[in-house]
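Notes follow once the structure below has been shown.
Derivation of every value follows stated rules applied to the coordinates shown; laboratory data play no part. Quick caveat, the model's predicted, so the values are computed rather than measured. When we count neighbours, we look across all protein chains shown, and the Cβ atoms used for this are built from the backbone with ideal geometry, even at glycine.
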Amino acid sequence: MNSNELSLTAAAAQLRDGSLTATGLLESVLSRAADTEAQLHAYLTIDHQGAREAASVADENLAAGIDQGPLHGIPIALKDNMVTRGLETTAASQILSGYKPPYDATVVSRLRSGGAVLVGKTNLDEFAMGSSTENSAFGPSYNPWDITRVPGGSSGGSAAAVAAGSALGALGSDTGGSIRQPAAVTGVVGMKPTYGTVSRYGLIAFASSLDQIGPLTRNVEDSVLLLSAIWGHDSLDATSYSGKYPEPGSGLAKGVDGLRIGVVKELAGEGYEPEVEGAVHAMVELLEGAGAQIIEVSLPSFDFALSAYYLIAPAECSANLARFDGIRYGHRAPGDTTEAMMSRSRSEGFGPEVTRRILLGTYSLSAGYYDAFYGQAQRVRSAIRADFAKAYENVDVLVSPTSPTVAFKAGERTADPLAMYLSDICTIPSNLSGHPAISVPIGVDEQGLPIGFQVMAPALGEPIMYQVASVVEALAGFSARPEIAMVAS
Amino acid sequence: MPVEIDIAHLARLARLDLSEAEMERYQAQLSVILDHAARVQSLEGEPEVEVAHPLGFVNAFRSDTVTPSLDRDEVLAQAPDSSAGYFVAPPALET
Amino acid sequence: MSWEAVIGIEVHVELATDSKMFCGCAVSFGADPNTNVCPTCLGLPGALPVPNEKALDSIIAIGLALNCTVSPQSVFHRKNYFYADLPKNYQISQFDIPVCVDGYLDVAVDGDVHRVGIERAHMEEDTGKSTHIGGGGRIDSAESTLLDFNRSGVPLVEIVSRPEIHSAAQARAYAQGLRAIVAELGVSDARLEEGSLRFDANISIRPAGDSELGTKVEIKNMNSFRSLELAVDYEIERQIQSVESGGTIVQETRHWEEEAGVTSSMRSKEGSSDYRYFTEPDLVPMVMDEAWVDRVRGTLPELPHARKARYVAAGLDEALARVISGSDPVLRSLYEDTLRAGADPRAAANWTTGEITAWTRRSETEPTAIPLSGSQLAEMLQMIDDGTVSNSAAKEVLDGVLSGEGDPGDVARSRDLVQISDAGELEAVVDAVLERHPDAIVALRAGETKVLGFLVGQVMRATQGKADPKLVNEILRNRTTST
Ligand SMILES: [Mg+2]
Ligand SMILES: [Zn+2]
């Protein structure tokens, strides 16, 4: 097995017993990328030089007995909406083409100081707005399991890279499911932490009250490892939690015996593929067999979650993206006046989905519509929090499919925004509530396309979320790897 | 309820320079999405609007201490136009 | 018909914190362009704001000084509008839950006091600075705009008055009163010329006695108390004239042209503006509990209105109390030292605000350099009281002390200003005068008392004003009634 196929834990062990060097590991990752990028386009930028320097420093340090921690020497990919000093960061938008940030995001400095080797910047839907990575201004990414299909989104590049082995782990961002849904359709583990536990400083904002950075990995244990490296209080983010953080992996070996697992009634039925529902149902039975108590739970407000999300997220995005005006950085179009220049630069720089959401958000905040739209959406959000709180009085975790469908065909939903938005129906509630949730692969459908299982937990419930996720992983015994048809590039 | 949308006004507020054709297209798409989004209005009850952080904390402040600023050349290197340490933009015409 | 002007004033106060409102960049006036900037105050992608606690202490202090209620909970909002010097193209400000609400400020114009309600004081961030070049500074003919973001993110407190100001003079007094308070609190440099205080006025007129408000016009760009007063005066007149000549007032923003002394329409897009306020999702709510407010209250200096009350309680009348409580700190402490040395409050106040202030003006001396102690002033007042010197001589004594000739006693002696209070000595002088004016005695005996004044005058002249007038009167009466 090539070293690029190793789990973080296995690679960390080999780096320390001397059977593997960070440089060797990086080179196998880079050659895997060289073989697959033509088909997948998982990366927007591969930082060959920076990564090679970081790898050799990692080797020198280990040789000198300096161990920077579990990620020391491990090749990690970053979604291109996290700023990296001096390395082009575009959020997959024309408006930031060529932009070199003067600072590092907090997660980036934490990975660097942990000895990680940053391979490059992965593709995404422009400004993380989308569920297929087809909204990238620099071309779509494709799914390693079937390159005629999408890798989900918006963190599709990160998911594809981890699934294909052109990174051992990656960071994504999740505003309405953008880590969990691509993880589900590419057969990897994707996790959204409790809102406020991973710093957003240096994450190019889409919807500030919903955005959260999280790990994409090949297994649950790696997810714990990567999360542990990036979370914790950051004084540069006023929404960063400064209280006590739990030990995320503390439940890994505990099993589910006696746990109460709630199955969400609203996240099933119309629009859900039978094979997805079947696989999820089978896993629930396995969990029951493993000693868990299964309880069907109804959260009626979930029926309004998608609508509320498509008012709140665009509203915040309309303000967050106002700063892209052609003055201090990014694309500038000609114009005789500031206003003309700004308007032209923005309409040239933003793609259709981003433009659509800016207009949508401007509408729901504007005079005369605020109360009926944005204001009412905030009430729905409160109702969802209340429903979750009520449910967690009787269950320890909630489970559902991660995505109602497996990976869909490229181009299938681009013409119909609403159909595209429906891809996030299962993931959005946890963003609105700020709670942690994870997607674990539990099998493939008859076309061989991965199916994801979502485990949701209350705020700071990462330990119990991982506890259940690791059992799901064991029960599923999912170990398939994608076969990527190589085409001469 | 049919939602009325003044797309030209929205584009102006958002500083987007859209063609007639684009405006028509976005107007149509927005009304579909907003018709669906209007479902939020049928939520039962009137729960209080939640402004608090999901972890419920308040008062996140910094102490009044000066930290180093950025290097001006590194900052201006990213600007489309700059001169003598300033960013340069076209004239602001108030019309 | 007669008109009443209705004026509301918005004041933006730049706080004098070390660092900016939401980032650690230095707050400094006049630094090289774009040298105090960071990802946050430049609005770079990914940057986040973190509020400066000191700035919140400052706005609470201002609120307390303006008799406001401090909201128990408050939140920041985003105010969305595009402008080249607003890096994020939204301003972090406050909307429906400002830090301070419902206060007032008493202002005095020629003696009479008027209370101006304060609707709110809220926290926000300043913008960068635009310089429009190529068009002689006129915005609409500039060829390009130079942008400096050093000021971007400097903490601002916006203080909004109720429309309860009715004249340019009141408007000026209100603005000066606010300046005095923020200066006293030490929360702002309060330098108008550096823009650390900025005024906007909302002005409308209505027939005197009417209760509903007319169409208001907003006036911007007044950068001194004088231009504020001139601009408000001009605008009131403009509105009255346009209405009386059959015109109507349009709601608009007008620009005060300092040189021309006129306000001119900014052709602004107020009409189409829609700020789309919503709660700032990058920040968490603020809870200003009792403990916090009390901590700030504990740091407040004595403010003008409290001081005035104390002076009145000590026996000063309203008018004098207001003048001295609003006067220069050095003059005030001289006044208080003088009281401590046992002087009469009224006399001490009169001399401090009268002669002594006049002297500092004449001699162009900073109040900080007054060579006069409270005990010296008290000693001098005592000398007037016990007749050692006359009121007029006292002025000379004061001048001597201020010119460093020593204590009042020494000066009175060395300048030979002590009154003659020795009866024997004066009787001699009186007799000499009477001999020279026998007819005067006749007139007096005939009851023509006005002659008495003439005789006293003669005695005073003979003694170069040093005779004690009371004593002279006595002696004259005795001499002219008996034989
Ligand atoms: Mg303001
Ligand atoms: Zn700054």
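So here's what we get for this one:
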| quantity | calculated |
| --- | --- |
| Alpha carbon Rg of segment A:1-158, scaled by the compact-globule rule 2.2 N^0.38 Å | 1.05 |
| Cβ charges +1 (Lys, Arg) and -1 (Asp, Glu), total dipole of segment C:197-247, debye | 200 debye |
| 12 Å tail of the calculated P(r), segment B:31-73, as % of Cα pairs | 80 percent |
| Set of lysines with alpha-carbon distance to residue C:466 below 29 Å, sequence-local pairs under 8 removed | C:395, C:450 |
| Inter-centroid distance (Cα atoms) of segment C:154-188 relative to segment A:165-187, Å | 55 Å |
| Three principal axis lengths of chain A [C-alpha, angstrom, descending] | 64, 53, 47 |
| For segment C:368-459, alpha-carbon Rg and Dmax in angstrom | 18.0, 59 |
| Alpha-carbon centroids, segment C:306-361 and segment C:209-265: separation in whole Å | 39 Å |
| Percentage of interatomic Cα-Cα distances in segment C:197-265 larger than 19 Å | 30 percent |
| Residues A:109, C:2 arranged by fewest to most Cβ contacts within 10 Å | C:2, A:109 |
| For segment A:336-489, the spread of Cα positions along each principal axis, largest first, Å | 63, 55, 24 |
| Debye-sum result for segment A:266-336 in log10 I(q)/I(0), which assumes one identical scatterer on each alpha carbon, at q = 0.12, 0.13, 0.22 Å⁻¹ | -0.63, -0.67, -1.05 |
| Prolate/oblate/rounded call for segment A:1-77, Cα gyration tensor, a/c under 1.5 rounded | prolate |
| Dipole of the protein assembly as shown, positive direction: furthest Cα of B:54, A:298, A:484, with charges on the beta-carbon | B:54 |
| Chain A, relative contact order [Cα under 8 Å, separation at least 6], % | 18 percent |
| A:426, C:38 arranged by Cβ crowding within 10 Å, fewest neighbours leading | C:38, A:426 |
| Shape category assigned to chain B from the gyration tensor of Cα positions, a/c cut at 1.5 | oblate |
| Rounded D (µm²/s) - segment A:33-81, Kirkwood Rh over Cα pairs, Stokes-Einstein at 20 °C, 1.002 mPa s | 171 µm²/s |
| Per-residue Cβ neighbour rank within 10 angstrom, fewest leading, C:9, A:74, C:420 | C:420, C:9, A:74 |
| Dimensionless Rg/Rh of the protein assembly as shown - Kirkwood Rh, Rg from C-alpha atoms | 1.16 |
| Alpha carbon convex hull of segment A:399-489, volume per residue in cubic angstrom | 140 Å³ |
| P(r) weight above 43 Å for chain C, C-alpha pairs, percent | 37 percent |
| Selection of trypsin sites (Lys or Arg not before Pro), segment A:65-160, meeting DSSP coil and at most 16 other Cβ within 10 Å | A:85 |
| Helix-derived mean residue ellipticity, 222 nm - over the protein assembly as shown, DSSP H n ≥ 4, -39500 (n - 2.57), to 500 | -11500 deg cm²/dmol |
| C-alpha center-to-center spacing [segment A:1-23, segment A:407-463] in angstrom | 31 Å |
| Dipole magnitude of chain B, debye to nearest 20 (Cβ charges: Lys/Arg +1, Asp/Glu -1, about Cα centre) | 180 debye |
| Ratio of the Cα radius of gyration of segment A:139-193 to 2.2 N^0.38 Å, where N counts its residues | 0.97 |
| Cysteines, the protein assembly as shown, no other Cys beta-carbon under 4.7 Å | A:317, A:426, C:23, C:25, C:38, C:41 |
| Shape of segment C:51-184, Cα gyration tensor, a/c cut at 1.5 | oblate |
| Charge-dipole axis of segment C:97-255 as Lys and Arg at +1 and Asp and Glu at -1 on Cβ define it, positive-most pick from C:185, C:221, C:211 | C:221 |
| Span per principal axis, largest first, for the Cα atoms of segment C:240-364 (Å) | 66, 51, 29 |
| Set of lysines near residue A:121 by C-alpha distance (under 23 Å), chain-local residues within fewer than 8 positions excluded | A:79, A:100, A:192 |
| Chain C - charge dipole about Cα centre, Lys and Arg +1 at Cβ, Asp and Glu -1, debye rounded to 20 | 280 debye |
